[in-house]
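Taking it in order: structure first as structure tokens, then the write-up.
Laboratory data are not the source of any read-out in this text; all were calculated from the coordinates shown. Since the model is a prediction, treat every value here as computed from it, not as a measurement. Positions of Cβ are backbone-derived with ideal geometry, glycine not excepted, and every protein chain shown enters the neighbour counts.
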Amino acid sequence: MLEVAQHLKKEGKDVVIGYFEPHGRKDTIGRTFGLEMVPTKTINYRGVMLEEMDTEAILKRHPAIGVVDELAHTNVPGSGRSKRWEDVQALLDAGIDVMTNMNIQHLESLNDHVFHITGVRVRETVPDWLVKSAAEVVMVDATTEALLNRLKRGVIYAPEKAERALANFFKESSLVSLRELALRETAHELDIRGASETAEERRDVHATSLREKELRDRVLIYVTADPSTAMLIRRGRRMTDYLGADCFAVAVSPYRRDHRADERIHAVEAHLNFARNLHIEARSLEGDDPAETLVDFARRNQITQVLVGRPKHRSWSRLLGTDLILRIVRKAKDIRVIIVAERRKQPAAK
């Protein structure tokens, strides 16, 4: 990224470094020579002085191109925006082109997959829609052996931090799987962009697309207070990206709300907000019969597939016909209902 910035500067482009995390790497620091760097701002957080990107200073400087390191970074409280990708979005909105970087494990829709591979829940993520909106995405690949060698030589982290990384997230087996995941994701993105360009070439400007709209998949994600709903939303977002489908996240609340259910209501609203952050249309419906309300909404909105999480219930609820999922399946006979179970990381054998 710094090499490209140097090339752009030689071409006479107005390029600055908005944020740079050197990690003590002399070679990387050397590649910034001659590039203008916007000073960071210092924030006092619980008595500790921390450096953050000064987005307002970059906006005031208003370069043609800004280079921003570590897109998935979580800002220190008091920074103005909670995530660095939100700062990048502010720069883009102001007409500043941005070059930035992230690792495959930071892609939001892959969060559950990465957890299954590594056993580590990555907390810093970037929404897929932001990555897909990029004019260009470049995959920087390295073999597992090369990366392990760099870690052991202390090129990436200090020796003590590198040892912890090798014993945890950056195990050889995890790195192999993450690299394969990155390659598959790149291939899939190429397929999507290629298909999109072909469709654009063939499209008649004067033709209506009503038939295409009628045939388009529309996916509904059933939102509840259960913690596994976050997994379901990520799965739904990823599925709709593959299908090129419309996506809805829908919760159902009874008309008369029990004040003792405040915790559940807050959990549902948090999940709906999470869906909105992923650019999924979120709806909160009222109805004393969740199955009836959900299926009615699905029919009125031409939903073709419904995603529900597998509940933790006792077998007798099915026998009595009170199981919510079973009732949804029975009522939605013309709609595909997909029951998704949360994958859990298996404990390592000793």
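Quick rundown of the values:
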{"item": "Phi-based couplings in Hz for segment 263-273 (Karplus 6.51, -1.76, 1.60; Gly and Pro marked x)", "result": "4, 5, 4, 5, 5, 5, 5, 4, 5, 5, 5"}
{"item": "Segment 1-101: C-alpha gyration tensor shape, a/c 1.5 cut-off, then a/b vs b/c", "result": "oblate"}
{"item": "The chain - convex hull of the alpha-carbon atoms, volume per residue in Å³", "result": "207 Å³"}
{"item": "E56 paired with E86, simple spin-label distance in nm, labels 7 Å along Cα-to-beta-carbon", "result": "1.6 nm"}
{"item": "The chain: relative contact order in percent, alpha carbon pairs under 8 Å with at least 6 residues between", "result": "12 percent"}
{"item": "Rounded FRET efficiency, nearest 0.05, which uses the C-beta distance separating R330 from H116 and R0 of 45 Å", "result": "0.90"}
{"item": "Full-extension gain in nm, L166 to Q302, via 0.36 nm per residue minus C-alpha separation", "result": "44.1 nm"}
{"item": "Amide hydrogen neighbours beyond the local backbone of N101, cut-off 5 Å, H modeled", "result": "E70, L71"}
{"item": "Extension gain (nm, one decimal) between D288 and R276, 0.36 nm per residue minus Cα-Cα", "result": "1.8 nm"}
{"item": "Order of K333, K161 under a 10 Å beta carbon neighbour criterion, fewest first", "result": "K333, K161"}
